1. Quick check: convex hull over the Cα atoms of chain B, volume per residue in Å³, rounded to an integer?
2. Dipole of region A:25-97, Cα-centred, from +1 at each Lys and Arg C-beta and -1 at each Asp and Glu C-beta, to the nearest 20 debye?
3. Please work out the ratio of the alpha-carbon Rg of the protein assembly as shown to 2.2 N^0.38 Å and round it to two decimals.
4. With unit charges on the beta carbons (Lys and Arg positive, Asp and Glu negative) and the dipole taken about the Cα centre of the protein assembly as shown, which residue among B:Ser177, B:Ser87, B:Leu228 sits farthest to the positive side?
5. In a GNM of chain B with a 10 Å cut-off on Cα contacts, which of B:Ser264, B:Ser179, B:Ser301 has the highest mean-square fluctuation?
6. Local charge sum around B:Lys190 (other residues, Cβ-Cβ under 9 Å, Lys/Arg +1, Asp/Glu -1)?
7. For B:Lys103, list the aspartates and glutamates whose Cα falls under 16 Å from its own Cα; do not include residues on the same chain fewer than 8 positions away.
8. Output the peptides A:49-55, B:142-148 sorted from most to least packed, where packing is the average of other Cβ atoms within 10 Å over each peptide's residues.
Amino acid sequence: MSDALRPEDAPPSIYGPDGRPQFFADPAMDRFVPVVLNLASELWVQAETIANLRALLEEDGVASAERLDAIAEASASDPDREAALRAFIDRIFTPLREAPGVAA
Amino acid sequence: MVLQLKHAMRPQQAAEDVARGRFVSGLRSFILNDLAQDMRQAYDQRVAPAFEKAHGRPPESSAEVHKAMRADPAFKVYSACRVRAQSMVWDAVAPVVQRERAKLEAAANDSGAAAAVKLAPDMELPRNVTGLDVHLMPGGYAGDADFPMAAGAVYDQGLAIFSMGLMGQNLDDIGLSMSTYVRNAFPDFKPARILDVGCTIGHNSLPWKQAYPDAEVHAVDVAAGGLLYGATRAKLQGLDVAFHQMNAEALDFPDGSFDLVFSSMFLHELSAKTRRAFFREARRLLRPGGLLLNMELPPNSQMGAFEGFYLDWDCYYNEEPFYKGFRDEDPRALCRDGGFADEDYVQFVTPSLGIYGAEAIATAAASDPLAVNSETTGRLAEGVNWFGFGAWKR
């Protein structure tokens, strides 16, 4: 938020040096709360994806635990899976990063 | 619940988009219900008694409650979660909008909306548009110059998640409810020309065309991206509304050219100076017998200190810096400062059309206007009701 466009009566202490709202005495906590929510979001997306897939597999009569295990094993050295993991980590843990231009 | 938009500009969502949107909507519901209830309990049981012990009286204003609540863990948890959940709304839809860029731009061109919308590329945008990521939406209403429609599409799709299904099938419940109330409360009022100011994507402009099909409806905003998207959205819904890029402080229409000047959730996004200029403009634009009607947040003077604090939270943490300043103002005085007579002031609370139906609105319109307070409107009120105020021009 731009300094000039903050509410006139906003105490400066309610924002951190990066301009974001600061709620906890230890600013690190303000970074961890988003991580927890991000994790919950990712977990739900996966849960819903699995539920959709399971419904499809059951509907088509092709569900097979053995086949799924084999696919997982084959993915161990899959670069696409590695890239997906990196994107996953970025999506969740970006709030932990220092804002650009803010000294540690 | 997460709302699936019903209009033709709705996105083609992948399974992951649906899941992500559903999660954020559910998370917001948890924060705004469960965590908000914890915060109220913390106030009643810890914060207010401690304040009273220290000051010999309970907190009397929104600002006093805010200051006292800042140290309480329930406030910290609620606030930190709510800020992140707000950003997650936009994070959930921005990739969908980028993916659909070609489709959106083709729709704007093919529908004729891009040619019809009256943009003012040389207009200087006000700082409340360029200087804010309003509602924590990256880029705010100004959006991305390279893909102007994105701001409108992100707003539309984000609001669908944000609203938790409480703002209508096409996010038009405010306009639908207000126009239904006006038709019932003022049956002799037949506006021929209607203006919606600060329309964003025109989601609450369109209901006026539906309520008064013979009327000429105009919708204005300063942000081009929302207008281009909104004009396309209107065209594809088969509704003839003219969209213009204009500043509410100086609207480029002749004196006495409208019967109804409307705004919704607009005034709290303006500085006090711009707000006053808009009221003067509204009066100038109205014909004798015309009505200025604003749907807005209820004023602080008509709420308890805690309820006021609860609404004012957005001012400090949701990039809406003028929110509390507006809510501290007296709606009647705003109209008076704009040149309207006190005896011509109107205010009411209307039930949501989508939730309670037309009959409930007809009943409300036939009764004395409801008192505007925390029992009848605002985020902590029971149910969904919308507050309207304004004035007739003699």
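Every read-out reported here was derived from the displayed coordinates using simple, explicitly stated rules and does not represent laboratory data. Quick caveat: nothing in here was measured; it's all calculated off a predicted structure. Here Cβ is always computed from backbone atoms with ideal geometry, including for glycine, and neighbour counts include all displayed protein chains.
1. 133
2. 360
3. Dividing the Cα Rg of the protein assembly as shown by 2.2 N^0.38 Å gives 1.02.
4. Positive-most Cα among the choices belongs to B:Ser177.
5. For chain B, modelled as a Gaussian network with Cα springs under 10 Å, the answer is B:Ser301.
6. Value of the local net charge: -3.
7. By straight Cα distance, B:Lys103 reaches B:Asp146, B:Asp156.
8. Output ranking for A:49-55, B:142-148: B:142-148, A:49-55.
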